[in-house]
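Asks: The structure is given below, and queries will be raised subsequently.
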Amino acid sequence: VLRKHARMLANAGIDAVIFDVTNQVTYEKNYKALLREWAAVRAEGGRTPRVAFLCPFWDPPRVVAELWRDLYEPGIHPELWYRWDGKPLILADPEKLSPVEGKHLQERPDRLEPGRTLGQSFTAEKAFEAAGGCFPTWASKVSAATLTLKRGGPGGETVASRRLRDIEDNGWLLVRPERPLPPGTYYLEIRDPEGTVGWWSGGDGIPGGTAFAGGVPVEGDRSLRIVSGDERTRRIRDFFTFRKPQPDYFRGPTGPDMWSWLEVHPQHVFRNSRGEKEQMSVGVAQNAVGDRLGSMSEPGARGRSFHGGATDRRPDAIIHGLNLAEQFERALREDPRFIFITGWNEWIAGRFDEFNGVRMPVMFVDQFDQEHSRDIE
């Protein structure tokens, strides 16, 4: 079966198969079986796609570390690793790989006014490689500010700075110096706002730290994250080309170097840090109900016959792939470097009693019947 899949996918011009390991399981036995068979096909002169992995959206460190330990570090079948921009591709947020310390203080959102600054001093007990805060935008999607890290206090030497654009409401954002910084006292600051942006703050919660407003100490502390570095994480970060996966079917990119895995029509264009049209997703069907994530078994889910904003009710509509065609035509018009097609061999159909706040007697989130299925195989 694995060899047959290799031939079918290669004949269709598929460059890469991306394993979905978003549920905190890598399926090592299974992907290694596939690699063995596909390597044998290549040794016999046949063609196969290469492979990459889609890691957990919000908590990828353990899965990335397991893939590194079990596959990439020992160099198993490197001829089958799919490379992007010269390195093996992995879909994971690189900002979430390292151990994190700090405090989420969410008692009040202090707004950053034009011409002013908000800051937080802190003492790092060990070397660290990034620092940041949690920034509300009051639901604005076009807010921006400059995040700066300094030694000592507000008047100290700047060691890293970053312009934050299209800030995600209540998102954690970091500034990363070129190399890890030693233990000591540091100061984190945001300034030069565009739109509406602030910093979540509260009572004292940062040992040895103080909140600042306009460069002057004020009561309390602000939400803070300090990312400590280690040699293994730095090796992993240097080894891969990372693309941060966007789980949302509706929102689109919140920054550069993000990729979608599935979206409703019309799908967004995801651009890289050079501003190029890099990636778009194309789906056979989507477990979206109205404007929310839903289950394929719910009435209104976007099945294979969904197009033009509604489900085609003709008896033979399912055989025409109308949903797929609508999404594919949009992607071809935009012509990004990479089209991510969802999906092949879903393998598991999870049954739930409740999903995303909806409760029905039986709920199948990803696969339900022929109409409501993302599985191309």
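The values are calculated or read from the model by the stated rules, or taken from the named source; none is laboratory data. Just so you know, these numbers come straight off a predicted model, no measurement behind them. Methodologically, a virtual Cβ is constructed for each residue, glycine included, from the backbone with ideal geometry; neighbour enumeration extends over all protein chains shown. In case anyone asks, the SASA skips ligands and DNA or RNA and just uses the protein heavy atoms, side chains included. Shrake-Rupley method; radii C 1.70, N 1.55, O 1.52, S 1.80 Å.
Asks: What is the one condition in (1) more than 30 Å from Gly152 (Cα to Cα); (2) open to solvent by 70 Å² or more (accessible area, probe 1.4 Å) that Gln106 does not satisfy?
Replies: So the condition that Gln106 fails would be (1).
Asks: Do any strands (runs of 3 or more DSSP E) lying entirely in the stretch 35-151 carry at least 2 residues that are touching a residue at least 60 places away in the same chain (Cβ under 8 Å), and which ones are they?
Replies: 87-91, 100-103, 108-111, 117-124, 130-135
Asks: Quick check on the stretch 279-308: of everything there that is of a type in the set (Gly, Ala, Ser) and either out of contact with any Phe, Trp or Tyr (no Cβ under 8 Å at 6 or more places or on another chain) or open to solvent by 50 Å² or more (accessible area, probe 1.4 Å) (or both), which residue is nearest to Pro361 (Cα to Cα)?
Replies: Gly300
Asks: Have a look at Val100, Val63 and point out the one that is open to solvent by less than 20 Å² (accessible area, probe 1.4 Å) and among the β-branched types (Val, Ile, Thr).
Replies: Checking each option against the conditions leaves just Val63.
Asks: A further question follows. For Arg274, work out the one condition from (1) touching a helix residue (DSSP H, G or I) at 6+ places or on another chain (Cβ under 9 Å); (2) open to solvent by 60 Å² or more (accessible area, probe 1.4 Å) it doesn't fulfil.
Replies: Here Arg274 meets the rest and fails (1).
Asks: Scan the stretch 92-103 and give yes if some residue there is farther than 30 Å from Arg222 by Cα and among the aliphatic types (A, V, I, L, M), otherwise no.
Replies: no
Asks: While we're on this one: With open to solvent by 40 Å² or more (accessible area, probe 1.4 Å) and among the hydroxyl-bearing types (Ser, Thr, Tyr) as the only criterion, which of Tyr72, Tyr31, Tyr82, Tyr27 stands out?
Replies: It is Tyr27.
Asks: Condition first: charged (D, E, K, R) and outside any loop (DSSP other than H, G, I, E, B). Now tell me which residues in the stretch 175-230 satisfy that.
Replies: Glu189, Arg191, Asp192, Glu194, Asp221, Arg222, Arg225 - these are the residues of the stretch 175-230 that are charged (D, E, K, R) and outside any loop (DSSP other than H, G, I, E, B).
Asks: For the stretch 321-339, indicate whether the set of residues that are within 22 Å of Gly252 (Cβ to Cβ), open to solvent by 80 Å² or more (accessible area, probe 1.4 Å) and assigned to a loop (DSSP other than H, G, I, E, B) is non-empty.
Replies: Yes, there is a match, as at least one residue in the stretch 321-339 is within 22 Å of Gly252 (Cβ to Cβ), open to solvent by 80 Å² or more (accessible area, probe 1.4 Å) and assigned to a loop (DSSP other than H, G, I, E, B).
Asks: Would you mention how many residues in the stretch 245-282 are within 20 Å of His372 (Cα to Cα) and under 18 Å from the mean Cα position of the chain (by Cα)?
Replies: Total meeting the criteria: 11.
Asks: Of all residues in the stretch 222-241, which are open to solvent by less than 20 Å² (accessible area, probe 1.4 Å) and either without any contact (Cβ under 8 Å) to a residue 40 or more places away in the chain or over 30 Å from Arg333 (Cβ atoms) (or both)?
Replies: Passing the criteria: Arg222, Ser223, Leu224, Val227, Ser228, Thr233, Ile236, Phe240.
Asks: Considering each residue of the stretch 160-201, count those that are within 19 Å of Gly102 (Cβ to Cβ), open to solvent by less than 70 Å² (accessible area, probe 1.4 Å) and of a type outside the set (Gly, Ala, Ser), and give that number.
Replies: Residues flagged as within 19 Å of Gly102 (Cβ to Cβ), open to solvent by less than 70 Å² (accessible area, probe 1.4 Å) and of a type outside the set (Gly, Ala, Ser) within the stretch 160-201 amount to 18.
Asks: Collect the residues in the stretch 109-119 that are surrounded by fewer than 14 Cβ atoms within 10 Å (Cβ to Cβ) and among the polar types (S, T, N, Q), keeping them in residue-number order.
Replies: Listed by number, the list is empty, since nothing qualifies.
Asks: Somewhere in the stretch 7-20, is a residue without any contact (Cβ under 8 Å) to a residue 12 or more places away in the chain and either in a strand (DSSP E or B) or under 22 Å from Ile348 (Cβ atoms) (or both)?
Replies: Yes, there is a match, as at least one residue in the stretch 7-20 is without any contact (Cβ under 8 Å) to a residue 12 or more places away in the chain and either in a strand (DSSP E or B) or under 22 Å from Ile348 (Cβ atoms) (or both).
Asks: Is there any pair with a first residue in the stretch 167-191 that is under 9 Å from Gly133 (Cα atoms) and a second that is polar (S, T, N, Q) and at pLDDT below 95 whose Cβ atoms are under 8 Å apart and which are 6 or more apart or on different chains, and what are they?
Replies: Listed pairs, sorted by first residue: Gly171/Thr254.
Asks: Which of the residues belonging to the stretch 120-142 are more than 14 Å from Arg222 (Cβ to Cβ) and either in contact with a Pro (Cβ under 7 Å, 6 or more places away or on another chain) or surrounded by fewer than 20 Cβ atoms within 10 Å (Cβ to Cβ) (or both)?
Replies: Thr123, Ala124, Glu125, Lys126, Ala127, Phe128, Glu129, Trp138, Ala139, Ser140, Lys141, Val142
Asks: If you go through the stretch 344-377 one residue at a time, how many are under 20 Å from Ile319 (Cα atoms) and either open to solvent by 70 Å² or more (accessible area, probe 1.4 Å) or hydroxyl-bearing (Ser, Thr, Tyr) (or both)?
Replies: 6
Asks: Separate question: So which residues in the stretch 59-81 are among the acidic types (Asp, Glu) and farther than 16 Å from Val21 by Cα?
Replies: Of everything in the stretch 59-81, those that are among the acidic types (Asp, Glu) and farther than 16 Å from Val21 by Cα turn out to be Glu73, Glu79.
Asks: Looking at (1) open to solvent by 20 Å² or more (accessible area, probe 1.4 Å); (2) touching a residue at least 60 places away in the same chain (Cβ under 8 Å); (3) farther than 23 Å from Ile18 by Cα, which is the only condition Asp312 fails?
Replies: Just one mismatch for Asp312, condition (2).
Asks: Open to solvent by 30 Å² or more (accessible area, probe 1.4 Å) and at pLDDT below 95 - does that describe any residue in the stretch 242-250?
Replies: So far as the stretch 242-250 goes, no, none of its residues is open to solvent by 30 Å² or more (accessible area, probe 1.4 Å) and at pLDDT below 95.
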